[in-house]
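The values are calculated or read from the model by the stated rules, or taken from the named source; none is laboratory data. Given the structure is predicted, the values throughout are model-derived calculations rather than measurements. Glycine gets a Cβ as well: all are built from the backbone with ideal geometry, and neighbour counts include every protein chain shown. Accessible surface is based on the protein model in full, side chains and every heavy atom, while ligands, DNA and RNA are left aside. Shrake-Rupley method; radii C 1.70, N 1.55, O 1.52, S 1.80 Å.
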Number of protein chains: 4
Amino acid sequence: MVKVGIIGATGYTGVELLRLLLKHPDVSVQVVTSRTENGRRLDALFPTLRGHTELVFTDPDSPDLLACDLVFFATPHNVAMRSVPQLLDAGVRVIDLSADYRLLDPELWSQWYGEPHASPGLCANAVYGLPEVNRAAIAGASLVACPGCYPTAVQLGFMPLLKAGAVELQPLMASCASGVSGAGRQGKIPSLLTEASESFRAYGVGGHRHLPEIEQGLGQLAGAPVQLTFVPHLAPMNRGILATLFAQLKEQTVDCQALFDAYYDEEPFVDVLPAGEQPDTRYVRCNNRCQLSVTVPQGRNTVVVTAAIDNLTKGASGQAVQAMNIMLGLPESRGLELISVTP
Amino acid sequence: MVKVGIIGATGYTGVELLRLLLKHPDVSVQVVTSRTENGRRLDALFPTLRGHTELVFTDPDSPDLLACDLVFFATPHNVAMRSVPQLLDAGVRVIDLSADYRLLDPELWSQWYGEPHASPGLCANAVYGLPEVNRAAIAGASLVACPGCYPTAVQLGFMPLLKAGAVELQPLMASCASGVSGAGRQGKIPSLLTEASESFRAYGVGGHRHLPEIEQGLGQLAGAPVQLTFVPHLAPMNRGILATLFAQLKEQTVDCQALFDAYYDEEPFVDVLPAGEQPDTRYVRCNNRCQLSVTVPQGRNTVVVTAAIDNLTKGASGQAVQAMNIMLGLPESRGLELISVTP
Amino acid sequence: MVKVGIIGATGYTGVELLRLLLKHPDVSVQVVTSRTENGRRLDALFPTLRGHTELVFTDPDSPDLLACDLVFFATPHNVAMRSVPQLLDAGVRVIDLSADYRLLDPELWSQWYGEPHASPGLCANAVYGLPEVNRAAIAGASLVACPGCYPTAVQLGFMPLLKAGAVELQPLMASCASGVSGAGRQGKIPSLLTEASESFRAYGVGGHRHLPEIEQGLGQLAGAPVQLTFVPHLAPMNRGILATLFAQLKEQTVDCQALFDAYYDEEPFVDVLPAGEQPDTRYVRCNNRCQLSVTVPQGRNTVVVTAAIDNLTKGASGQAVQAMNIMLGLPESRGLELISVTP
Amino acid sequence: MVKVGIIGATGYTGVELLRLLLKHPDVSVQVVTSRTENGRRLDALFPTLRGHTELVFTDPDSPDLLACDLVFFATPHNVAMRSVPQLLDAGVRVIDLSADYRLLDPELWSQWYGEPHASPGLCANAVYGLPEVNRAAIAGASLVACPGCYPTAVQLGFMPLLKAGAVELQPLMASCASGVSGAGRQGKIPSLLTEASESFRAYGVGGHRHLPEIEQGLGQLAGAPVQLTFVPHLAPMNRGILATLFAQLKEQTVDCQALFDAYYDEEPFVDVLPAGEQPDTRYVRCNNRCQLSVTVPQGRNTVVVTAAIDNLTKGASGQAVQAMNIMLGLPESRGLELISVTP
C-alpha cells in the first residue's frame, strides 16, 4: 500500500479526496492535517465519513507527512508554495490541488495573486497535471500542479480544435457556469442558500484568476499566444461546471464531430457525446468524466463546444487521483470507476 | 375601468398576468378562458389567488371576449393566429404573448414552427411589443406581438452597441441561461425537480425558435442583416434569464459604460448597473426590470454585456402589461412597481 | 403620512419590512439605521431596492428616530431591550420584531437567552402582537412584541381546538419545518447552499428558544399550563414554515372542519382550506396569509393540523405591518394585499 | 457470478439498483426489461451509465429471466403479483421492490390498492425484507418483499422502544419528509421543479398506502396491534427521508440513548448518533445507512426519535441489495460500502 497524506482536508476538495482515497485499493491514507481542526476526528467534521475511517486531524507540522510516499495539498493558494520544497527534499512526491504551481511564470503568478511567490524556482519544474495533455510527464513527476476546475473544462473543450488548427486563434470565448461548491466551504454571505438559490449571475468578468492559467494552456496547445474572453457564472447548484465555448472555424468543411471522436477515442475520462446530445452537469456528478459535445449551428462559421465536469472531481480531487495513479504506475481509472447517481 | 380578457391562463405566463392585472388599478379582468379548466374557479387551480378573485374559467368561445376592450393571449403558439382576426374585426385590441405574430415573414414562421401560418396577412401589421424599441407604434396598435423572453434580454443588451455602430456585426454570440418555468407548466420529465435540479446544460444549440426573432430584431437595430450564435441553457431555478453577450468592438476607445448609461437614461424598466457590478436573476425576480452591465475585459477587443430579466415578467407578462399601459395611454409603470423579494 | 423608522435593517426581516413599508400608502420611512452599514445606500446592500428608495443607512444613535411616530426593531435579540425605554419616553411607539419582549416573565427570558433582561419592567406591559389573539390590545399599545415565526404558526393552528376545549392538553406535538432564511443573513457554514440544499434535519430538539413563547401563548389560549413537544426542522428552501400539529381529541364526534371554518371566518389573514386540501409554503410565499388545514386521520383520536406561513411575512415583517395598521387605526390589510408569485 | 435480472428498470429505484449491481463484485446483470424502452440501450435512457454497461432493455416476456438466479422487480405495484408465481415455479428467487407482497393479508392489500390481489396465496409466504428484523428468514427466502421507504425509517426508529416495551402503544406519531424522487420518474405537474421547489407540504394525511405496512410491522415488534398517526410531507430535494417520531415513555427513567446504542450495536447499516447530534438526509445520501437519534426533550414524557435514510437506497434498492447479499450468503455490506458525497 502506498502511504499518502493530505494537507488541509477541511474543505470540499479535501473531503472529495478522502471519499476517493479511503476506498482506493492501492493506497492508505496515513495522515490528514488541519491547523484549525487539529485533534478532531475526521468524521466529526464530515459525518458522511462515519464508519469509513478512524482518522484524526493532525497538525500540519506533523513529521508523519515526511514518511508518506505522496502528499496532496488541498489548501487555498499560498500554502503549498511554502511547504512543498521541504517535502520534495525529503523525497516525498507532491500533488498540489491549489493554484501555487499552475503558472510557469512566477511573475505572472504574483500579478494575479497579489504577493510574491515563495518558491519561484519550482514553478517551471512542476508538471501541469492534465493527463490528456501531459500523461508522460506526470508519470515521472515529483511535483504535479493539478489544474483548476474551469481550466480543465475549457482546455479539454478547445483542445481538438486547436491541435488540428481548425479554428482562428481569435476571438475565443468561454461562457462557463459553476456550482456553489467552487466558492469553498466558508461562511460567506453570497454562498448562502438564501443568496445563491434562484440566482444566476456572472462574476469576475473583468478578470478571473483562472484566466492566465487557461491562456497558458491554450497557448501551448495552439503553439502560439492565445487570448480568451472568459466569463464565469455562479449557478444555483452544489457541484458541476459547464463550459460553453465559441470559436471561428477556418473552413466550414471540417467535420468537427469526427475530429472530436477521433481525438478522444482512447481517453478513459473524456466522453464525446453523439451528435445532437448535450452534456449535463448532472450526468458527471461525483464522477471523473468530462462530457463533450460539438456543434456548428446553422452550418455557419462559429463552432460551439460544450464541456461538463464535476468541479470537485475531474475539476480537482478526481483529477488528482488520476494523476496519482499515473505517477504510481497504476491503471489510470483505479478507484475512479464510480457511477454517477440518478437523480 | 378597462375591460380585459385572458385566453389560456392555465400556464405560468397566465398566472403571472393575473398576478399583475388583478391588482392593476385601471383594469378589470372580465373573462379568463381555458378549454381544459372550463367551469373551474381560478383559485382552485392556482391557490395563490385565493382571496383575490372569484373568477371562473370559461370556454374559449365565450362571447364575453368580444365585449372586452383588450384581450391577452397566454397560449402556446398556434392558437392566437386562428382567433385574433375575429377579435380584431370586433374592435377588440389584442396583445399576444405567444410566438404567432413575432416574425414579419409568415414563410419564415412556417419554417421554424412546422406548419402554415393561419393568418399570414396580419404578420406585417402586428407591432413588435418591445417598448424600448417600438413605444410609439405600440401606442396606436390594435395587435401587439409580445417579444419572447430570450429575445427581450438579448435585444436590450445589444441595442446600445448596435445603434451606436460600436461593434462589428459578426461574430455575435449570446450564451443565455433560463429558469425551468420557461419550459411551461406541463408534466414533462426533463422539468421534474429530480431531473432539472443540480443540472446545467445547453439545449437547442443547433437551432432554437427564438433565433429568427432575435436576428430579425437585431437586424432592424443594426440596419443590416445580422447572424447570431445563440446558445440557451437550462438553469436549476424557477424564474429568470441571464443573457451573456459577446461582440467585437470596432474601436477600443469607446466608453461603453457611458454609452449604456446615456442610451437607457430615460427608460423606466432598464437599469444599467454601475461599472463593476453584475446583474443577477434574483434581483429582478417577479419584477419588470431588465438589469444590464457592460464590461471590456482586459481592455481587449471583446465587449461583454450581461442582461438579467425575469422570463415571466419583463420576458412575458410584465412586458405585456407595460405594452397595455402604453396602448391605453396610462403611465407606463402603472401596476408594475412591485419590489422584488429578498431572499 | 405616518413617520416610521427601522433599526437594524440589514437582515432578512429588515429588507422584508422595507419591501412592504416603501409601498405602503400611509407611511413614510424616514430613517433606517445600521451600525455596520452606516453611510451606505440601502440599494447598494439590497439591489432589489434600486429605483425604489434613495435612503442611506444612518447610525443607530440618530436623533431622527425620536422624531418618528413609530419605530420597528429588526435586530437580533438583546438590542431592543436596551433602546426601547428611551423611545417610549419620547412618545415613540415601538414594534419589536425581536424576542426581547415576547415573554411576560423576564426571569424565564434570562434562562433561555443566557443573560439578564435589560428592561424587565417593560415585559409585562408589552403587548404580544398576534392580531388574531390580541387585536384590541394592539390597537392601544405603545410597545408591541411581534411573535416569533414558529410561535405564529403553532398558535394559529392550535387555537380553535384549545379555545373550544376540544383536545386534551397533553400530549401536544408540533413538528415544524422552516426555510433557511430563518437562520438570518449571516455567513454561517450550515446555511450555505452547499450544506443546506438536499438536506432535511431536525435541530434544537432538546430545547429551542421559541418553546417558552409558544407554551406561554398556548397556556393563555387553554386557560391552563400547557407542555408542548416542539421539533423544528431545516428545509432546503428560502422562505416558509409548515407546522404539523398533533393533539388528542376529547370526543371523536367534534366536526373539526366546521370548528376551524367558524373560528377564522372573519380573519383577513387566516385561510382555512376546504377539507382534503393541504397548505403549502409556496402558496403563502411573500404573503401575510396563514393557510390552515385540519384532518382526523382514519377517524381515530388524533387530530392533525397543518399551518403554512411565510416566516418573514406573517412570521415577522408582514405581521409587524399588520400590527402597525391596527395601532394606526388603518384597515388591517393596508399594504399587505400582494398576490404570491407562481412559480 | 450470480446471474440477476431486473424487471422494469426505467424508474429511479431501477437506475439506483443498476448503480449498485453493475459494480457489485459477485453478481452479473444479465437482463433488464422494460415494455416501453424495449430495444433501447440503458445508457441512452440514463446517460450516467455511459461507459459502465452495454446492456439493452429487453421485453418483459424475455425467456432470459428464467435463466437468472435472482430477479428484482423495480416496477409499480400490480406488476410483480402477476409474474412472480411463474418465476418461483422456475426456481428463480425474487426480490420485489414494489408493494405487492408487503402485506400479509391480501384483503387488506385490496382495500388500500383498490383491486384484487393476483396471487394472494403468496402473501403469507413472502418474507418482509427488513434485515434488522428478519435476517434469518431472508437468508432462506425464495420471495422477499422489500419494505417501503417510509416504513423502513419508521420501523427502525420505533423498534428499540417497542421491543423494550419502553413506550405506550398510543398515541404514536410519525411526521416524515421525503424528497421528490419518492414520487417517481413520471411527468407529473406537482413534481416539476417549478412546483416542488420552495414548497413544503403534507400529503396523504387522511391515509397513505404505507400506513397499513407500518402498522403491521410495528404490531409485530410490539406484540400487539398498533395505531399510528402518519403524516408524510414533500420536501424540495431529490433524495432522502427524515422520520420524526413521537411516543410516550412509560417511565422517564429509561436511558434511551443507551437503549438505542445497545440495540443497534452490531447492525452494519444502522448508525445511532451520539447524544445531541441529529441525522441529516444529506449525510446518508446515496448510501445504505440509516442514521438515528433519540431525545427526551426537557426530560418530560415524550420521546422523540429522528431517522434519516436515502429513500432510494436504504429505502429501496440498497436494502434490496442488502437482502440479496443475505440470500446469497455474501457479506451483508458487499457492494454497499460507498461513501456519501459532500456536498
Hey, for residue D:39 with labels 7 Å out along Cα-Cβ, what do the inter-copy distances come to in nm, ordered shortest first? 4.1, 6.9, 7.4
For the range C:13-57, what Kirkwood radius comes out of the mean inverse Cα-Cα distance, in Å? 10.8 Å
Quote the relative contact order of the range B:33-185 in percent (integer), defining contacts as alpha-carbon pairs under 8 Å separated by 6+ residues. 16 percent
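At a 1.4 Å probe, what is the % contribution of carbon and sulfur to the accessible area of the protein assembly as shown?
Ligands and nucleic acids excluded, carbon and sulfur give 49 percent.
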Debye log10 I(q)/I(0) at q = 0.13, 0.17, 0.19, 0.23 Å⁻¹ for the range C:266-338, Cα point scatterers: -0.43, -0.66, -0.76, -0.97
Within the set of other residues whose C-beta is less than 14 Å from the C-beta of residue B:115, count the net charge using Lys and Arg as +1 and Asp and Glu as -1. 0
Hey, can you list the residues from the range A:145-179 whose accessible area shrinks by 20 Å² or more with all protein chains present, relative to the chain by itself (probe 1.4 Å, no ligands or nucleic acids)? A:171, A:173, A:175
Calculated diffusion of the range A:150-237, Stokes-Einstein form, Kirkwood radius summed over Cα pairs, 25 °C and 0.890 mPa s, µm²/s: 173 µm²/s
Report the charge-dipole magnitude of the range A:150-311 in Debye, nearest 20, computed about the Cα centre from +1 at each Lys and Arg Cβ and -1 at each Asp and Glu Cβ. 580 debye
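Tell me: how much accessible area in total is hidden between D and B, 1.4 Å probe, Å², nearest 100?
Buried area between the two chains comes out at roughly 1500 Å².
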Alpha carbon convex hull of the range D:167-216, volume per residue in cubic angstrom: 111 Å³
Here, residue B:28 and residue C:163, labelled 7 Å along Cα→Cβ, have an inter-label distance in nm of 3.5 nm
Quick calc, residue D:137 & residue A:56: beta-carbon distance into FRET formula, R0 60 Å, rounding 0.05, result 0.90
Testing the spin-label approximation: label points 7 Å from Cα along Cα→Cβ at residue D:1 and residue B:104. State their distance in nm. 6.4 nm
Set Lys and Arg Cβ to +1 and Asp and Glu Cβ to -1, take the dipole of chain B about its Cα centre, and tell me which of B:197, B:233, B:181 lies farthest positive. B:197
Histogram of C-alpha separations across the range B:2-125, 5 Å bin width, %: 2, 11, 21, 23, 18, 13, 7, 4, 1, 0
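Starting from the coordinates of the alpha-carbon atoms of the range C:150-311, obtain the Kirkwood hydrodynamic radius over all distinct pairs and give the value in Å to one decimal.
16.2 Å
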Per residue, the convex hull enclosing the alpha carbons of the range D:54-109 has a volume in Å³ of 95 Å³
The percentage of Cα-Cα pairs in the range D:101-167 separated by more than 14 Å is 64 percent
Which listed residue (A:121, A:92, A:46) has the Cα farthest towards the positive end of the charge dipole for the range A:1-135, taking +1 on Lys and Arg C-beta and -1 on Asp and Glu C-beta about the Cα centre? A:46
Which value, in nm² and rounded to one decimal, describes the direction-averaged projected area of the C-alpha convex hull of chain C? 17.1 nm²
For residue D:300, label point 7 Å along C-beta direction: distances to other copies, nm: 2.1, 6.5, 6.8
Rounded to one decimal in Å, the inverse mean reciprocal Cα-Cα distance for the range B:121-201, i.e. its Kirkwood radius, is 15.8 Å
Stokes-Einstein diffusion coefficient for the range A:234-283 at 37 °C in a medium of 0.692 mPa s, Rh from the Kirkwood formula over Cα pairs: what value in µm²/s? 246 µm²/s
Here the correct list, in nm and shortest first, of distances from residue B:118 to the same site in the other copies, label points 7 Å along Cα→Cβ, is 4.3, 6.8, 7.2
Go ahead and run the numbers for FRET between residue C:300 and residue D:86, Cβ-Cβ distance against an R0 of 35 Å, rounding to 0.05. 0.30
Coordinate range along principal axes, alpha carbons of the range D:52-178, Å, largest first: 52, 37, 30
Cα→Cβ-extended label distance, 7 Å offset, between residue A:113 and residue B:220, nm: 5.3 nm
Mean separation of Cα contacts under 8 Å, 6 or more apart, over the residue count of chain A: relative contact order %: 17 percent
Relative contact order, percent, of the range B:150-311 when contacts are C-alpha pairs under 8 Å separated by at least 6 residues? 31 percent
What list of whole percents do you get for P(r) of the protein assembly as shown, with Cα-Cα distances grouped in 10 Å bins up to the one holding the largest distance? 2, 8, 16, 21, 21, 18, 11, 3, 0
Taking the solvent-accessible surface of protein heavy atoms with a 1.4 Å probe, what is the per residue accessible area of the range C:139-294 in Å²? 28 Å²
Closest approach to the D-C rotation axis by any Cβ of D: residue and distance in angstrom? D:175, 2
